[in-house]
Structures are given as structure tokens and as C-alpha cells.
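What follows is a set of notes on a single structure, which appears directly below.
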Amino acid sequence: MTKSALETEANRIGEPIEMVAPLSSAPSLADIDATRVALRDASRKPIAPSRIADAIARAISLWRDRQHPRRVDAVARITRNAGFSLPLMNDSIDALLRPFTREALATLAERVTRRGARKQAELLGFIMAGNVAGAGLHEVAIALVAGATLLVKTASNEPIFFAEFVRTLADIDPEVASRIAVFSWPRDRIDLTAAHVANCDLIVAYGDDATIASIAARNLIGFGSRVSGAVVAGSAAISSQIDTMTDLLARDVAYFEQLGCLSPHHIFVVTPRPEIASKFANEMSVAFERLSKSMPPAKIPLIDAAKILSVRENARWRRISGDTIQLMEGPQLGWTAIFDPDAAFSVSPGFRTVVISAVRDWQDLRFRLLPAKGLIEAFGFSGNQSELADFRALAGELGISYVAQVGEMQSPPLDWPHGGGAFLDAMIGVR
């Protein structure tokens, strides 16, 4: 199939999602055991962190090129599986790859080298989630540069990204690529998952909290159910650059169709005047509509469409009953923005669904966020430096791991303390 044909296929909206066949059938127990032996052998042959970092940087450089054949093929197949539009997936992947610069990877390698000998897990078992293609790439890169070998289980509904990326790595440096193996098998193959868990020194798992709790591993670092938000400080809410800012924030929401832990679900506008926040909500609705033209929305699974309809109808009935609430909605569930001025932090069904609220000051924002303490991974921010300092103090109190400028939420730095930093500490001893 030609590239243009793939784009046409991947851009189908409103038609049933056609799952692409996995790259290979599920492995056998013997495959898992043989791979474990090979990876442990590889771990006894040290490779300089700088060489590993360079190989990853070169692979990332290839994948930044939207015309790179392996990326073209992988992104088109991921897009079809997820039901996303091709422009959305390409922009989302670009955002994911942005932090992996040659300089950032070289700095990571220098930190590992300076650390010197440190007891660490030799063989890491990764259990990837299927909601966001490439989720976990930060931890994969850090672990490889830190000298670990990796046995990766991808989700059966997203078996493509890591398998293809490792193939790219093998094209560049086969010895580095020999330190990571990628398999995919369905959730009901509990025998394979048990062997995976039993044969690795450390398990690194992604998924919802129930999935993490179900993993019986003696040594587990889990990245469970987390979401993000955004705050627009007073100076930004009345800025002459508000169109640019709302466009950036709309992209933060839309990347990966709001299904990742860095996707904002609730936007707070810091102002004592609710009418300013209401006007900002209208500006966001215009930004979402603009974005839907260049980055068409996904084909939404039925269960998620039902949740979005429920959110919309709830807002509609609240308005009828006299609540101060506004509902702004795109066609065919493409986006939903609800201005609910007094709401505490809330989690949306995803697929470009956000709540926008007004808060009087930082203390009011603290009150709105406290019920979600421990659930929030990151926050986008727009405002001046003084306002940023105030918000950072609040974010630290609430355990928010990443504060980003609006437009950069989906591109955290390589040394982002994801999930509080336990994995980063285990690999390179940052604390």
C-alpha cells in the first residue's frame, strides 16, 4: 500500500475500527525463558552509557522524520488500530519524541557514568499499557542507558510502536538492540505473564490502578491511573496572545485523544471575575473547533461515546435547572467544553472533553485540587514568573510531578520524575 493510500485509510472517521494483526503470534513459555537467558548474557557484557545514548538518539532522529519508512508504516497501523486521525497521531508522536534530543540523552549518559558502580536490577520486565502508543519510552531509554536489559510485554491492542522502534535501533547498533526484547500476548495468557514477572529482577508496569494491583510481583514499580490539568493565571487570561495560548492548550488536550496521564482534563482560570473565566471558556471552544479542522477527532468507541453524551446531558439539565453552567460542543462528539465555575477537579471521559472553572486565588485552587491529591500527574501553566512560583509551591504540596508551560505538557524532559520519581531514583539515583 502506498503512503497516500495509508493516509486515506487511517483518516477514515465514523467507520468501524479495523484492528491490524499483531506483528507475530504470542510467544511460548520456552521463548520467554530463552529470551531471559539471552538478555542476562547481554547484561554481562557492559556497553558504555554514551554508546547506548547515541544509538537511541540516532533512532529517535530517524523517527522524527515523518517520511522515515518504518515510522510511516508503524504510525499508519497504530492509527488504524486506535481509530485516530493520521494528523493527530503524527503530531502526538512528534510531541512524545521531542524531549529525546542528542544533548539530553548525552547528559543522561554522563549522569550514569558519574554515578559509577551501583547495585541495580539487571533484567527489567516492562508491562506496557495500550491506550497511548509509546507510553513508557522515557523509562525504556533511561533503563537502557543505565545498563539494564529489558523484556517488554506490549499490550495486545498496541503491539506496534516498541517492536518497530527496537527494529530501528537494531539497524543502528545491533549490540545495543540485543539488550531489549519485545513480545505481545493477550491478558488472558496468565501463564506467560506469570513467567514474565517471575523471570525479571524488577517489573515496571503501566495501566489503571486495578491492573497494577493485580500484578503479583515481589519488586514492582507501577504507573497507575493518573490524569492532568491546567491553570491559566490572571495575567494570561487577559493577554493579547490568548488565541495562541488556547491553540496550544487545545493541542495538549487533543494529543493521544486525551487518553494519557499527561492529558489535561480540567482547566482552572485564576480570576476574581467569573466573566473572564467564562470568556476564556468560549475562547477554548473556538480553539477546539479550529483544531478539529487540521487534526480531525477520533472514531470514539461506543462505551466512551456514551460517557461523553452523559457528561453533555448532565450539563444541559443542570443549566435548565438554573445552575451557572455553559455547554459548548462540537459536532459528532468531536469536542466538549463545559464552563462550570465552581467545580472541583474532575476527570473527563477523554476525547477532547474538558471542564473549565474559575478560581479566586491560589488558596481557592488548592481547595479545588485537594480531593484529587495523588491522582494528578502534571499541570500545564500559563502566566508570568511570579504566578508560576506561586503555583509551583502548590504543585509541590500536592505531589504533582511535572509543571509544564502550556503547549509542552506531552513532552516532559527525559529526567521527569514520573509517578513521583521512584523509577528514576532506582535507575540513576537522583534522590
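The values are calculated or read from the model by the stated rules, or taken from the named source; none is laboratory data. The structure displayed is predicted, hence computed values, not measured ones. All Cβ positions, even for glycine, are placed from backbone atoms using ideal geometry, and neighbour counts span all protein chains on display. We work out accessible area using only protein heavy atoms, side chains counted, and drop any ligands, DNA or RNA first. Shrake-Rupley method; radii C 1.70, N 1.55, O 1.52, S 1.80 Å.
The table that follows gives values for the structure above.
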{"item": "Cα convex hull of segment 175-252 - mean projected area over all directions, nm²", "result": "9.2"}
{"item": "Simple spin-label estimate for R318 and Q67 in nanometres, 7 Å along Cα-Cβ", "result": "4.9"}
{"item": "Label point distance in nm, L302-E122, each placed 7 Å from Cα along Cα→Cβ", "result": "5.0"}
{"item": "For segment 42-172, average projected area of the Cα convex hull in nm²", "result": "7.7"}
{"item": "Solvent-accessible area, 1.4 Å probe, carbon plus sulfur percent, for segment 169-324", "result": "57"}
{"item": "Label-point gap, in nm, between R114 and A198 - each point 7 angstrom along Cα→Cβ", "result": "4.3"}
{"item": "Cα long-axis angle, helix 302-320 against the chain (0 to 90 degrees, to the nearest 10)", "result": "20"}
{"item": "Cα pair distances exceeding 14 angstrom across segment 369-422, given as percent", "result": "53"}
{"item": "Long-range Cα-Cα pairs in segment 303-431 (distance over 16 Å), rounded percent", "result": "70"}
{"item": "Fully extended contour minus Cα-Cα distance, from K45 to A26, at 0.36 nm per residue", "result": "4.0 nm"}
{"item": "Against the rule of thumb 2.2 N^0.38 Å, how large the Cα Rg of segment 215-353 comes out", "result": "1.12"}
{"item": "Reciprocal of mean inverse Cα separation for the chain (Kirkwood radius, Å)", "result": "22.5"}
{"item": "Tally of Lys pairs whose C-alpha atoms are under 25 Å apart, taken over the chain, 8 or more apart or cross-chain", "result": "9"}
{"item": "When the convex hull of its Cα atoms is projected in every direction, mean area for segment 156-285 (nm²)", "result": "11.9"}
{"item": "Residue-averaged [θ]222 nm for the chain, counting only DSSP H segments that reach four residues, each worth -39500 (n - 2.57)", "result": "-14500 deg cm²/dmol"}
{"item": "Rounded tilt (10° steps) of 49-64 against the dominant C-alpha axis of the chain", "result": "50"}
{"item": "Using alpha-carbon coordinates, inclination of helix 161-172 to the longest axis of the chain, degrees", "result": "50"}
{"item": "Per residue accessible area of segment 181-278, 1.4 Å probe, in Å²", "result": "38"}
